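Engineer: Sharing a structure here in structure tokens format.
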Amino acid sequence: MLLMGLVAGFGMAGPAAAQDLADFDYINLSLRGIGFEAGYLPGYRIHGVRGETRSWGARLDLGYLGPGLRISPSVTYWSSEFETEEVSRLETRLEQLIAREVGDAGTEGGPALDLGTITWTDLVVGVDSHVVWNVPFGWLTFLGLGASVHVLDGQGEAIDDTFIEDLLDTVRPGVNVHLGLEYPLWRWSRLYWHGRYEVTDDLRYFNVRGGLQIMFGGTAPGEMEPR
């Protein structure tokens with residue numbers, strides 16, 4: 001459904017923007033290359049997670065489904081620790097909950113908790129649709145949408161095998177929008193950069209990535225040849 005929506009949404013603009021790219025259909029989909037990338041996530045986009053979180057990933061280039069419409073599956077992984085303030089807030093709420101449940105008459109408060117360090121990881125598996133077109137000086141640029149699955153995992157010595165870990169361990173569907181640039185170095189390789197905004201039901205963050213893609217079949221008709 002997402003891919004059909006993308007085709008419909010860009011049906012008028014896509015061929016014009018990518019008018020130098022040859023016309024393709026699904027029979028031309030095949031593995032053209034694989035890219036390896038690294039990036040970071042500004043922490044303020046993820047509530048409670050420390051800034052400058054690193055990400056690692058890979059993407060596949062499956063070629064063009066239609067005029068200028070490229071298909072690219074990808075996998076990304078990031079890991080970060082919760083901020084101290086966020087962990088302290090959670091400890092306070094748990095202390096209040098325990099005090100309420102067991103009763104604190106005659107005491108000055110409930111038991112003090114120390115949750116220590118809590119780590120949150122996200123493994124993202126998705127498929128992106130890129131509308132690709134040529135820009136001056138031998139560059140390619142792309143704009144697209146993607147559908148993904150986020151496998152989130154919370155870890156910490158104090159929370160392992162508890163309901164807190166269960167709350168952090170979830171699998172969520174997501175979508176993203178992204179914009180990027182590519183530069184062919186040689187027929188067998190190209191550099192690329194892209195920024196993407198990932199959205200799930202209650203998780204939103206911006207991810208900036210850059211990488212090197214190894215090409216198996218060279219450039220497609222209409223793509224800029226490396227200089």
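Rule-based calculations on the coordinates, nothing more; no lab input. Quick caveat: nothing in here was measured; it's all calculated off a predicted structure. Ideal geometry is used to build each Cβ from the backbone, glycine not excepted, and the neighbour counts take in all protein chains shown.
Engineer: Convert each backbone phi in region 202-212 into a coupling constant with the Karplus relation 6.51 cos²θ - 1.76 cosθ + 1.60 (shift: θ = phi - 60°), then list the ³J(HN,Hα) values in order as whole Hz, x for Gly and Pro.
Structural biologist: Listing the rounded values in order: 9, 9, 9, 7, 9, 10, 10, 9, x, x, 10 Hz.
Engineer: Which ³J(HN,Hα) values in Hz, rounded to whole numbers, follow from the phi angles of region 32-37 under the Karplus curve 6.51 cos²θ - 1.76 cosθ + 1.60, where θ = phi - 60° and Gly and Pro get x?
Structural biologist: For region 32-37, the Karplus curve yields 9, x, 9, x, 10, 9 Hz.
Engineer: Work out, step by step, the length gained on full extension between TYR197 and ALA99: first 0.36 nm times the residue separation, then minus their alpha carbon distance; give nm to one decimal.
Structural biologist: Taking 0.36 nm per residue and subtracting the Cα distance, the gain is 31.2 nm.
Engineer: Now for a different question. Give me the one-decimal nm value for the distance between modelled label points at TRP186 and TRP139, 7 Å along each residue's Cα-to-Cβ direction.
Structural biologist: Label-label distance for TRP186 and TRP139, simple model: 2.4 nm.
Engineer: Please list, in chain and number order, the residues 5+ apart from SER189 or on another chain whose amide H is under 5 Å from its amide H, with Hs placed from the backbone.
Structural biologist: Amide H neighbours of SER189: MET215.
Engineer: I would also like to ask the following. Using the 2.2 N^0.38 Å rule of thumb for compact globular proteins, work out how region 115-204 stacks up: its C-alpha Rg over that value, please.
Structural biologist: Computed over Cα atoms of region 115-204, the ratio equals 1.50.
Engineer: Something else about it: When the chain is fully extended, how far beyond the present Cα-Cα distance does GLU85 get from GLN155, taking 0.36 nm per residue of separation?
Structural biologist: Value of the extension gain: 23.5 nm.
Engineer: Here's a follow-up. In nanometres, what is the gap between the two model label sites at ILE214 and VAL175, each 7 Å from Cα along Cα-to-Cβ?
Structural biologist: Result: 3.5 nm between the two label points.
Engineer: Which value in nm describes the separation of the simple spin-label points at THR117 and VAL75, placed 7 Å from the Cα toward the beta carbon?
Structural biologist: Roughly 2.6 nm, to one decimal.
Engineer: What list of ³J(HN,Hα) couplings, whole Hz, do you get for region 152-161 from phi and the Karplus terms 6.51, -1.76, 1.60, once you set θ to phi - 60° and write x for glycine and proline?
Structural biologist: The phi angles translate into 9, 9, x, 9, x, 4, 7, 10, 4, 6 Hz.
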